[in-house]
Amino acid sequence: MSGRRSLVWLGLTPEPERELPPAVAALRTRAPDAGDEAREPAAAERRRVERLILHGSERSWLRYLAEVTELVTSVADGTTAGDPGAALVAGEVVLEHHRMLIGLPGSGYDRTARDRSLLETAVRTLRAAAPGARGSAHPAGDAVPEPASPGERPTAGSPAAANGAGPRVGPPPRTAPARQGRAPFQAPSGDTHTPNTPTPDGDRP
């Protein structure tokens, strides 16, 4: 390894080195007579990545990632038939790598501007096509109604109106007025005692 070789870019390679080989191997088109590479595509891809990291330069590494970008975008736009899941993994890894180049010295970030734009579009497309990406807790047409605010009349056809629920609006219902008249006679209870009050002539009652 030459002492003149810049090693700064190697700080961005651990995740691509780990994630890219199986994903990229699933995307590559291999000839029937490709030999060991056809029989062990992930292992062959891993050896290629290791050689680039151990003996290559930042420029050769970015050229490799440009190849991966082309594979990802061709699957996303339907130009090439391939595994969308593998394309999404590879696209996300390379896109994150290219975004982090902004923190490194040199022109790597500027050189990858076009690939970043292509990958952003491809990743959005692949995410939207992923299984379950369009699902929601409440399917269209079954939206949960908002609760009525105090004093708000339920609209016609709403569940609250259909069930007779919801707050009543307007004056309270009129009730029949209480009948006015004499209070009913109540007999004194058995334990009531009449006080012994003397009559004017001194006789007791």
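The values are calculated or read from the model by the stated rules, or taken from the named source; none is laboratory data. Note that the structure is a prediction, hence the values are computed from the model and not measured. Only protein heavy atoms, including side chains, enter the accessible area calculation; ligands, DNA and RNA are left aside. Shrake-Rupley method; radii C 1.70, N 1.55, O 1.52, S 1.80 Å.
Taking helices (runs of 4 or more DSSP H) as the structural unit, those lying wholly within the range 35-92 and holding at least 2 residues that are more than 36 Å from the chain's Cα centre (by Cα) and of a type outside the set (G, A, S) correspond to 36-39, 41-55.
Of the listed requirements (1) open to solvent by 50 Å² or more (accessible area, probe 1.4 Å); (2) under 24 Å from the mean Cα position of the chain (by Cα), R116 misses just one: (1).
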